[in-house]
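The values are calculated or read from the model by the stated rules, or taken from the named source; none is laboratory data. It should be emphasised that the depicted structure is a prediction, and the values quoted were computed from it without experimental measurement. Heads up, the Cβs are rebuilt from the backbone with ideal geometry, glycines too, and the neighbour counts pull from every protein chain shown.
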Amino acid sequence: MSWILSGKTCRVRSSESRRYNLQYLFMNLYASVIAVIVLCLLTVSLARLGKVKTKADYLVAGRSLPALVLVFTLLSSWIGSGSLLGGAENAYKHGFVALWQAGGGWVALLLIYFIAPRARKFAQFTIPDLLETRYNQTARVLGVIAILLTYTAITSYQFIGGGDILHLIFPDVVTPIAGRYILAAFVIVFTAIAGMSSVAYMDLFIGLLATGTMCLALPALIHRAGGWGAVQAALPAAHFEVFGELRPVQCLELFLPTCLLLLGNQSMYQKFFSAKSETDARRAVVGWIVGTIVLETVIVAIAVTGSAMFPGGEVSRAPREILAYCGLHGFEGASPALRFLGALLMGAIFAKIISTANNWLFSPATNLVNDIYVRYISPEASNGRVLIVSRLMVVLLGVWALFQSIGTESVLKKSLYAYTIYSAALTPVILAAFFWKRATARAAVASIAVGTAVTVGWEFVAPHLPAVVGERDAIFPALAASLVCLMAVSLMTAPAEAKLSR
């Protein structure tokens, strides 16, 4: 009898050992995929290092990027934690209504098709360059402030997303906070090495990986969930409606900040400034439109499928992690090929977050270098000194973004706050620079200052206002105040010379 019990015990222990070894093997698989991706990104960055000799090489890749590289660097810089975490969290909770946030970007992209050639023809380094050329120095400085507030906030929640993924893969080793420090270190090193050239060619690799992997993962996850009919049956009908559980005004609060941020997005304009030609810039927008619509729809669909597969448990308490959670747990018990697909999905999300953080960190660093250091402190600085200062600015801003990430919990709320600053403060004056010759310098200064002030101060003022106003996000009051200042002050002051008529 003891022999039989002993045999059963051995078999149980053997079974547990196999399960433990299998789990360990798959954890090693996820870690290996992440490690290979990091090494590939580092290799790309170091390969571009030798091509960076001048300020133009570092800030705008020597104005040499072809359309194909532009497509994927635009796609990678736009789709990051805002979509992968904030948008996915919204989709997990509310369903396809989350596409209202993505849809704002889609509408903006249609308009950008006509802006891109103008931006490349202007051929500057940063948005504040454009603001000073079209308006005045004060507009340049206020523009730098608004960009720093926006872009470091966006970088901060990329660190949160990367930290979450590292914690999911190594739950007993890496805490979410420790993961943010690790991700920040990756991003700062990759960004500082070769500037725009490094960022753009890393994005080419990441964009191809993420697009292919997510498009393959979606049908596989739907099949694992029991088919699309099973997904619909498991969720409320509102998850598949246009407005869902949200009121139309709430959908507009998702739509407008995204639309206006993209229309004035400095990171995007820097890519256009980096294009080989106006034709390359316009062709890149076509590919960007297609890629963005496909990829953001796939992201929301994966999150909706994940909400049907994992309605409770750990991920329901942290729904921003749903995409990574699907990669980690959505293929449990599946074939090795599908488990590898899950690891690739996790790796693609991690790489996309690194890519987006690179872009949003690099852009404000160029502002401090080009719009403050070179413009006011050391106009005669050599290319070597500019490169040193540029890399130092990347490090300092990366540390500031990391500090912001420690005190942030809601990625969706942080993203909408960041989008609103830029949407209200800069997008109106940027579009006026291209399309409204009557806009004046005084009006631009007033618009930028008021848009920034209303957005930053709204959370302090809103509780003291009537509920019908105070409960709304800052986008409506901030944008209204900015537009009123731009139009009213322009009409009350002398017309400015059309400096940007070319």
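May I ask you to say which residue of Val107, Val69 is under 20 Å from the mean Cα position of the chain (by Cα), surrounded by fewer than 23 Cβ atoms within 10 Å (Cβ to Cβ) and in a helix (DSSP H, G or I)?
Details: Val69 fails: surrounded by fewer than 23 Cβ atoms within 10 Å (Cβ to Cβ).
After ruling out the rest, the residue left standing is Val107.
For the subset of the range 38-55 comprising residues that are part of a helix (DSSP H, G or I) and surrounded by 20 or more Cβ atoms within 10 Å (Cβ to Cβ), which member is modelled with the highest pLDDT? Explain how you work it out, then say what you get.
The first filter runs over the range 38-55 and keeps only residues part of a helix (DSSP H, G or I), leaving 38-49, 55.
After this cut, where a residue has to be surrounded by 20 or more Cβ atoms within 10 Å (Cβ to Cβ) as well, the list is 41, 44-45, 48, 55.
Values: Leu41: 74, Val44: 71, Ser45: 70, Arg48: 65, Lys55: 59.
Only one residue fits best here, namely Leu41.
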Single unsatisfied condition, Phe243 versus (1) assigned to a helix (DSSP H, G or I); (2) within 26 Å of Leu254 (Cβ to Cβ); (3) out of contact with any Leu (no Cβ under 6 Å at 6 or more places or on another chain); (4) at pLDDT 80 or above:
(1)
Would a scan of the range 406-413 turn up a residue that is touching a residue at least 40 places away in the same chain (Cβ under 8 Å), under 14 Å from the mean Cα position of the chain (by Cα) and surrounded by fewer than 23 Cβ atoms within 10 Å (Cβ to Cβ)?
yes
Would you pick out the residues in the range 438-489 that are surrounded by fewer than 16 Cβ atoms within 10 Å (Cβ to Cβ) and of a type outside the set (A, V, I, L, M)?
Arg438, Gly457, Glu459, Phe460, Pro463, His464, Pro466, Gly470, Glu471
Log entry, pairs with first residue in the range 273-291 being more than 12 Å from Trp106 (Cα to Cα) and outside any loop (DSSP other than H, G, I, E, B), second being of a type in the set (S, T, N, Q) and modelled with pLDDT under 75, beta carbons closer than 8 Å, six or more apart or on different chains, reads Phe273/Gln124
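Just wondering, is there one or more residues in the range 177-190 that are small (Gly, Ala, Ser) and farther than 20 Å from Ser355 by Cα? Steps first, answer last, please.
From the range 177-190, those small (Gly, Ala, Ser) are 178-179, 184-185; that's our starting set.
From what's left, farther than 20 Å from Ser355 by Cα: none.
Looking through the range 177-190, none of the residues is small (Gly, Ala, Ser) and farther than 20 Å from Ser355 by Cα.
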For Gly347, work out the one condition from (1) within 23 Å of Leu402 (Cβ to Cβ); (2) at pLDDT below 85; (3) of a type in the set (Gly, Ala, Ser) it doesn't fulfil.
(2)
The conditions are (1) in contact with a helix residue (DSSP H, G or I) (Cβ under 6 Å, 6 or more places away or on another chain); (2) surrounded by fewer than 24 Cβ atoms within 10 Å (Cβ to Cβ); (3) assigned to a helix (DSSP H, G or I), and Gly327 fails exactly one of them. Which is it?
(2)
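Give the residue that is nearest to Ala98 (Cα to Cα), with candidates limited to residues of the range 330-342 that are surrounded by fewer than 24 Cβ atoms within 10 Å (Cβ to Cβ) and in contact with a Phe, Trp or Tyr (Cβ under 8 Å, 6 or more places away or on another chain). Steps first, answer last, please.
Step one: filter the range 330-342 for residues surrounded by fewer than 24 Cβ atoms within 10 Å (Cβ to Cβ), giving 331-341.
With the extra rule that they be in contact with a Phe, Trp or Tyr (Cβ under 8 Å, 6 or more places away or on another chain), the set shrinks to 338-339, 341.
On the way: Leu338: 27, Arg339: 28, Leu341: 25 Å.
Step by step, filter the range 330-342, then rank; the result is Leu341.
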All positions within the range 236-259 that are surrounded by fewer than 16 Cβ atoms within 10 Å (Cβ to Cβ) and in contact (Cβ under 8 Å) with a residue 12 or more places away in the chain
Pro236, Ala238, Phe240, Glu241, Val242, Phe243, Glu245, Val249
Name every residue in the range 440-471 that is under 24 Å from the mean Cα position of the chain (by Cα) and of a type in the set (D, E, K, R), in order of residue number.
Glu459
Test: Thr452 is more than 26 Å from Gly82 (Cβ to Cβ) and touching a residue at least 40 places away in the same chain (Cβ under 8 Å):
no
